[in-house]
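Please treat every number below as a calculation from the coordinates, not as lab data. Everything quoted here is computed from the prediction, not taken from an experiment. Virtual Cβ from ideal backbone geometry, glycine too; neighbours counted across all protein chains shown.
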Amino acid sequence: MSDYRELEFGKFADDQGTVHDMVPSAVIAAVPEARAAAEEYGREVRFDFLDDRAVHWMLFQRREDTEKAGILGCLFVVPLLVFGGGAWPFWDLVASEKSRQFQIAFIAIDALILCSLLLGAYLARRPSLFDPVIRNTRCRARLYRKIVGIARKCGADIPRMYPYYGMYATSRKFFPEAPDRPVPEREESS
């Protein structure tokens, strides 16, 4: 779902791309503990968790962020596996029987390649790791998941396997000075 307007209202895609039904705000509001949590967390992060339209947009942004990270992850994991995991069989089959100079050069070059890959992955991901707008979205998604969990524990009819957004270190701090991305208007079907 790369376009917000393609996604049916009330549906969202989780980190793996599976489409789920969003928990309507009426379900959350019907549970006093969940409503109180939504209002408290909403004040903390300047967000109305009881506004279905705003929550839908936030969940779309969260998925968009995850999708970008997934593409970068795939680009870096293949060389990491080749030079990280593939180095040991090469060592056992070839390098261990070569001269000491070859072994030292192999270890040094492999370590340099691995460090370069890790540094490259960090630098490619760095802009989104420190972008306060993206971090605010992650923070709000984490709190929304908490609110949904409270509603489920208190008896609301919410699927047990409702999507989980992870314990990202970049979802812990809210930046009140960061601007919000405005919710785009959706074309209503006639």
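What value, in deg cm²/dmol to 500, does the helix sum -39500 (n - 2.57) over DSSP H runs of n ≥ 4 give at 222 nm once divided by the residues of the chain? It would help to have the intermediate numbers written out before the result.
Numbers: 6 runs with 108 residues, N = 190.
That comes out to -19000 deg cm²/dmol.
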Check your understanding: Label points 7 Å out from Cα along the Cβ direction at Glu177 and Asp21: separation in nm?
Key -> 4.4
Check your understanding: Where does helix 32-45 land angle-wise versus the long Cα axis of the chain, in degrees 0 to 90, nearest 10?
Key -> 60
Point to revise | Overall form of segment 87-157 per C-alpha gyration tensor (a/c, 1.5; a/b vs b/c) | key: oblate
Study note, to complete from the structure: Straight-line reach check, Lys98, cutoff 20 Å on alpha carbons, 8 or more apart in-chain or any other chain, hits among aspartates and glutamates -> Asp110
Exercise for review: Compare Phe130, Phe102, Phe174 in a GNM of the chain, Cα atoms joined below 10 Å, and give the one with the largest fluctuation.
Suggested key: Phe102
Practice item. Sort segment 73-124 into rounded, prolate or oblate with this rule: let a ≥ b ≥ c be the square roots of the eigenvalues of the Cα gyration tensor; rounded if a/c is under 1.5, and if a/c is not under 1.5, prolate when a/b is larger than b/c, oblate otherwise. Key: oblate
Check your understanding: Taking the Cα centre of the chain as the origin and placing charges on Cβ (Lys, Arg +1; Asp, Glu -1), which of Ile158, His20, Leu75 is farthest toward the positive end of the dipole?
Key -> Leu75
Revision key, fill the gap. Options [x] 8, 25, 20, 9, 7, 6, 6, 6, 6, 5, 3, 0; [y] 8, 28, 27, 15, 11, 8, 3, 0; [z] 8, 21, 15, 14, 16, 13, 5, 3, 3, 2, 1, 0 for P(r) over Cα pairs in 10 Å bins from 0, in percent; the value derived from the coordinates is listed as [y]
**Study point:** Cβ-derived FRET efficiency at R0 25 Å, Leu119 paired with Val94, nearest 0.05
**Key:** 0.40
Exercise for review: Report, ordered by chain and residue number, the aspartates and glutamates lying within cross-link reach of Lys146, taken as a straight Cα distance under 17 Å and ignoring same-chain residues fewer than 8 apart.
Suggested key: Asp14, Asp15, Asp21, Glu33, Glu39, Glu40, Glu44, Asp48, Asp51, Asp52, Asp157
Check your understanding: Angle between the Cα long axis of helix 52-80 and the longest principal axis of the chain, 0 to 90 degrees, nearest 10?
Key -> 10
